[in-house]
Ligand SMILES: CCCCC/C=C/CC(=O)SCCNC(=O)CCNC(=O)[C@H](O)C(C)(C)COP(=O)(O)OP(=O)(O)OC[C@H]1O[C@@H](n2cnc3c(N)ncnc32)[C@H](O)[C@@H]1OP(=O)(O)O
């Protein structure tokens with residue numbers, strides 16, 4: 001490693017620890033002082049990124065992840081925009097509901113959770129990031145599901161705000177490396193993922209996915225654990241695990257072959273074949289597809305009718321259908337998380353995540 005890159009890496013690391021919200025600044029570059037904060041200009045930042053690409057020696061996965069964690073901090077201002085956008089969409093969503101009839105649950109940063117007409121609706125609300133699931137969102141979704149499992153609604157719905165249903169795991173989740181390094185990160189992530197998927201396996205009431213747009217990764221794999229999946233004809237279903245150096249999760253290694261047969265499941269889970277909504281419906285992953293123009297109206301009319309059915313009968317029927325599988329599903333979940341823990345530490349996976357973060361690759 002050259003002296004420059006050593007200083008660059010050290011500076012990045014110190015910057016991350018000391019100034020988590022400060023725009024990245026590099027010692028080899030001229031710094032601009034604005035008020036009390038020191039900020040590198042956009043040009044400085046781009047120069048530094050180019051210098052990193054020119055490093056002769058690979059600084060290793062851990063350092064690369066730290067660099068990209070800092071790279072993402074350049075977008076701290078974007079977080080402000082995200083937050084404002086989520087506030088705007090929350091108020092839009094509540095304005096669609098009848099005044100006074102809708103009970104909005106407070107305290108979620110990236111979800112809007114409402115209960116009305118016997119239906120608890122959990123809406124992923126990070127449209128500017130295509131509803132990618134951040135670490136905080138995993139915890140929020142778990143909390144929302146646990147709360148919904150005990151509330152007085154009869155059915156629970158998961159959907160997305162904006163043009164996407166969900167773009168999968170937030171690929172910046174892995175740039176936040178704890179003191180114990182990548183291994184500790186992988187261990188913690190596997191534990192969190194196991195709990196997250198466990199909440200879907202154990203959910204006691206009818207669980208319905210209203211897939212309003214494209215679904216990626218874990219947004220697709222968990223669909224095998226829903227009771228009913230309605231999709232807009234604009235939705236697509238993509239599990240690009242091969243491209244990302246990953247392996248299946250969400251119990252899809254078990255549910256997908258069962259739902260669509262092993263060959264179709266392999267095309268999706270090994271080769272990352274993207275399905276249209278109609279293909280996903282033909283293969284049994286989706287219950288019914290609706291033209292996007294009438295999707296919301298048709299689906300919610302139907303769900304409101306379903307929500308009036310006797311709640312205990314619905315609950316018991318779900319249990320009869322699902323309970324024999326529960327133990328198997330928990331075992332599959334544990335095994336998928338064990339394999340993923342290894343995958344997350346692999347060069348294949350780390351390089352794929354960095355290619356996305358450095359804007360070199362998209363699906
Ligand atoms: C942590 C433990 C649990 C782990 C569980 C594991 C799960 C596995 C998976 O889920 S694998 C799937 C991971 N997802 C992806 O690989 C999708 C990556 N995203 C894309 O390829 C594209 O963004 C897109 C095709 C979804 C949409 O492309 P489009 O051109 O329409 O839009 P943008 O790319 O401009 O996206 C808008 C902003 O949203 C950010 N973003 C989108 N998806 C993600 C994501 N998954 N992670 C992080 N960020 C995402 C994107 O970066 C843009 O942000 P910007 O405006 O700041 O640039």
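Listed values, structure above:
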quantity: Mean-position separation - Cα centroids, the stretch 139-173 and the stretch 306-333, in angstrom; calculated: 18
quantity: Gained length - residue 151 relative to residue 263, 0.36 nm times residue gap less alpha-carbon distance; calculated: 36.3 nm
quantity: Zone of residue 309's modelled label, taken as backbone nitrogen in the stretch 278-296 under 12 Å from a point 7 Å along Cα→Cβ; calculated: none
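No lab work stands behind these numbers, since they all come straight from the coordinates. Note that the structure is predicted; figures quoted are calculated from it, not measured. Cβ atoms come from the backbone with ideal geometry, glycine included; neighbour counts cover every protein chain shown.
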